[in-house]
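Beneath this line is the structure, given in structure tokens, with notes to follow.
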């Protein structure tokens with residue numbers, strides 16, 4: 001179990017599966033991640049990394065102080081030679097948004113990646129329209145590296161993706177990285193989820 005200040009990350013348990021299935025088939029939540037709803041009749045916790053396209057990855061449950069499930073975090077695409085990985089996080093319980101859980105979960109995962117896995121960089125791609133997710137990652141010490149133009153197709157159009165990363169020697173987990181991102185046409189749609197994509 002990885003411990004943050006206000007959340008913990010643990011293995012997905014059998015009792016988590018029903019909530020995770022609901023989140024992964026929620027059109028608005030999944031759109032905010034930069035993905036499409038996934039038609040899941042059953043979920044095998046061992047196959048969740050495949051759902052998020054995480055090579056050699058793990059999906060962990062995010063639990064609050066009361067140990068109730070509030071979201072999931074995917075950590076994977078670990079490249080041993082480059083010492084890099086990617087991260088995705090979703091706070092699926094809308095009643096738990098805006099409480100700092102996502103940024104705390106991100107900090108715990110990044111700390112583990114840098115201190116235990118000896119990684120040098122951890123990246124996340126965020127749809128340009130999801131300003132909330134971008135703020136969450138910046139609050140957790142990620143910096144914007146650039147824009148991948150028209151890389152996500154959903155709702156009948158192409159959307160830009162913002163590339164962000166935490167670099168080991170520059171990571172400041174308790175201080176937001178102040179940056180502005182040029183607002184494109186695709187950044188005008190407000191987000192409804194506190195999540196980030198693969």
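The values are calculated or read from the model by the stated rules, or taken from the named source; none is laboratory data. These numbers were taken from a predicted model, which means no experiment stands behind them. Note that each Cβ is placed from the backbone with ideal geometry, even for glycine, and that neighbours are counted across all protein chains shown.
Side notes on the structure shown:
- Here is the figure for the range 155-169: residues that are over 17 Å from the mean Cα position of the chain (by Cα) and closer than 15 Å to residue 133 by Cβ total 1.
- Some residue of the range 95-107 being part of a strand (DSSP E or B), surrounded by 17 or more Cβ atoms within 10 Å (Cβ to Cβ), modelled with pLDDT under 95 and touching a helix residue (DSSP H, G or I) at 6+ places or on another chain (Cβ under 9 Å): no
- Single condition residue 88 does not satisfy, out of (1) in contact with a helix residue (DSSP H, G or I) (Cβ under 7 Å, 6 or more places away or on another chain); (2) farther than 19 Å from residue 56 by Cα; (3) modelled with pLDDT under 95: (2)
- Among the criteria (1) modelled with pLDDT of 85 or more; (2) over 18 Å from residue 139 (Cβ atoms); (3) touching a strand residue (DSSP E or B) at 6+ places or on another chain (Cβ under 6 Å), the one residue 28 does not fulfil is (3).
- A single member of 112, 75 is modelled with pLDDT under 95 and part of a strand (DSSP E or B), and it is 75.
- Considering residues of the range 143-198 that are outside any strand (DSSP E or B), in contact with a helix residue (DSSP H, G or I) (Cβ under 6 Å, 6 or more places away or on another chain) and closer than 19 Å to residue 85 by Cα only, the residue modelled with the highest pLDDT: 168
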